[in-house]
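One structure below.
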There are 4 protein chains.
Amino acid sequence: MDFRAIIASHPDVKGATADRLIEATHAALHCAHACHVCADACLAEPMAQDLAQCIRLDQDCADLCLATWSLGTRRTGQNVEVLRQLIELCAKACRMCAEECERHAGMHDHCRLCADSCRKCEAACRAALAEVH
Amino acid sequence: MDFRAIIASHPDVKGATADRLIEATHAALHCAHACHVCADACLAEPMAQDLAQCIRLDQDCADLCLATWSLGTRRTGQNVEVLRQLIELCAKACRMCAEECERHAGMHDHCRLCADSCRKCEAACRAALAEVH
Amino acid sequence: MDFRAIIASHPDVKGATADRLIEATHAALHCAHACHVCADACLAEPMAQDLAQCIRLDQDCADLCLATWSLGTRRTGQNVEVLRQLIELCAKACRMCAEECERHAGMHDHCRLCADSCRKCEAACRAALAEVH
Amino acid sequence: MDFRAIIASHPDVKGATADRLIEATHAALHCAHACHVCADACLAEPMAQDLAQCIRLDQDCADLCLATWSLGTRRTGQNVEVLRQLIELCAKACRMCAEECERHAGMHDHCRLCADSCRKCEAACRAALAEVH
């Protein structure tokens, strides 16, 4: 799936693909995946209960990443103010999830890989803000 | 489904049900339904293309209402700052969707009913903020 | 939110509201809520790890209930065969989740209440099949 | 995001990564994206109303792809029968969406690209069934 090619074919886009926004929606979709796996993997760890806060932040982050992907992908009509604030909030949720996962990164590879995805998504969201106005 | 009874049975709630937050998640779930129906009904109207902005705001509002319901319902662990900002953003998305739907309320009953749900959800979200800290 | 009134205003419905389908989408939305709360509450129980299978079935059931609500609510265009099979699958996921929750119903009120919602949604889905053809 | 690496770190996986299932969840997530873009792009086309059935199948397919991704990614606990039927249903929804999109593929690049994603996801789902038992 080439995320840019299909957006470029949208009749209202006309060359203004907003590539950093496309990258942010791509990063958000993949971050949702990492958080979804990490929450499920934490639940199967022997010390699952000690990971309850990690599971919570994973799940919240996955929900916000999916919402950011969904709104950020729409190009018909406009909802700029809401989209901007959602992207900012997604970056914050990613940062908080990354910070929690990083505390367990030495012990659990799923936390380490999830933290990486969250940091990438946080950066992609911040970069995308320049294109959402 | 009694939204309050099942939350009251959560082991971490211990009497602190936060009833206005429960009402906000209930309003958000029902507002997501109204927006989902309104978007689909607009698409079937003879002048669908004139309703493209209404469909956009309906869809964005439905996504944010579902995210608000999902995060606002979790009681294991904590994510207060993100939840607060999401509830505020949901209230804003509801207000913008209501304003657009109200422009078509005289013509389309689904827009009138959707605007009602959005206004109720906006108010419920604002009331819930007092309990999220 | 009156689920029937807003569907009745859809331009393609013209009186054919399919009330049992509306009831099934309503039951599915509320069952998604019950499963979402139950999964989160199980995670906070002292014996969370013993409830991992319950959490899994809750989460899967919530996902299928939301998908059933989403597809079952659309009235523009047609996708009858897919919708029928999804409603049947939702009924099965509800039955399996109910059976698991019933095993813990004496111990956890959230499991008892979730099982009730799953049984109601299962019945509503089966009743709705008569209207989806 | 390496979809395989993070699944391999799940404590219950222990080498049994089920690579074709991972590929199916990856294809489903990307197909959900293509369908989401195609539905939104169809809405912006001058003849949007003639594309209402395409939008409907896109939206239904996106919902089922996201559900398939979500259930197919979980590795804690078991829900084999429901997962199998969901993957089969996802393949069917992809096939139907592809057939509709292919009718407009000569006119709209988003329909052509969406049909490609649907065909890939359909094939990936069918291949994954060998690993879900």
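The values are calculated or read from the model by the stated rules, or taken from the named source; none is laboratory data. The shown structure was predicted, so the numbers you read here are calculated from the model rather than taken from an experiment. Ideal geometry is used to build each Cβ from the backbone, glycine not excepted, and the neighbour counts take in all protein chains shown.
Comparison of C:ILE7, C:ILE55 shows that the only residue that is without any contact (Cβ under 8 Å) to a residue 24 or more places away in the chain, crowded, with 21+ Cβ neighbours inside 10 Å and among the β-branched types (Val, Ile, Thr) is C:ILE55.
Just a yes or no: is a residue in segment A:58-72 touching a residue at least 40 places away in the same chain (Cβ under 8 Å) and of a type in the set (Gly, Ala, Ser)? Yes; the residues of segment A:58-72 include at least one that is touching a residue at least 40 places away in the same chain (Cβ under 8 Å) and of a type in the set (Gly, Ala, Ser).
Among the listed residues A:ALA115, A:ALA93, A:ALA128, identify the single one that is under 27 Å from D:CYS31 (Cα atoms), within 12 Å of chain B (Cβ to nearest Cβ) and assigned to a helix (DSSP H, G or I). Checking each option against the conditions leaves just A:ALA93.
Among the residues of segment C:40-85, those identified as away from chain D (no Cβ under 11 Å), assigned to a helix (DSSP H, G or I) and at pLDDT 95 or above are C:ASP40, C:ALA41, C:CYS42, C:LEU43, C:ALA44.
For segment B:10-32, a residue qualifies if it is farther than 25 Å from C:GLU45 by Cβ and in contact (Cβ under 8 Å) with a residue 60 or more places away in the chain, and the qualifying residues are B:ARG20, B:GLU23, B:ALA24, B:ALA27, B:ALA28, B:HIS30, B:CYS31. Scanning segment D:19-68 for residues that are over 30 Å from C:ARG56 (Cβ atoms) and of a type in the set (Val, Ile, Thr) turns up D:VAL37, D:ILE55.
As a summary of the residue check, C:HIS108 satisfies the conditions (1) more than 14 Å from the chain's Cα centre (by Cα); (2) facing chain D (nearest Cβ under 9 Å); (3) of a type outside the set (A, V, I, L, M); (4) more than 23 Å from B:HIS30 (Cβ to Cβ) except for the one numbered (2).
Restricting C:GLU45, C:GLU102 to those that are of a type in the set (D, E, K, R) and either touching a residue at least 40 places away in the same chain (Cβ under 8 Å) or out of contact with any helix residue (DSSP H, G or I) (no Cβ under 6 Å at 6 or more places or on another chain) (or both) reduces the list to C:GLU45. Given the structure, is C:LYS120 part of a helix (DSSP H, G or I) and within 13 Å of chain D (Cβ to nearest Cβ)? Judged against the criteria, C:LYS120 is not a match.
Matching residues to (1) in contact with an Asp or Glu (Cβ under 6 Å, 6 or more places away or on another chain); (2) of a type in the set (Val, Ile, Thr); (3) within 27 Å of C:GLN49 (Cα to Cα):
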site: D:ILE7; (1), (2), (3): no, yes, yes
site: D:THR17; (1), (2), (3): no, yes, yes
site: D:LEU21; (1), (2), (3): yes, no, yes
site: D:ALA48; (1), (2), (3): no, no, no
site: D:ALA52; (1), (2), (3): no, no, no
site: D:ARG75; (1), (2), (3): yes, no, yes
site: D:GLU81; (1), (2), (3): no, no, yes
site: D:ARG84; (1), (2), (3): no, no, yes
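Among the residues of segment D:1-39, the ones that are more than 8 Å from every other protein chain (Cβ to nearest Cβ) and part of a loop (DSSP other than H, G, I, E, B) come to 6 in all.
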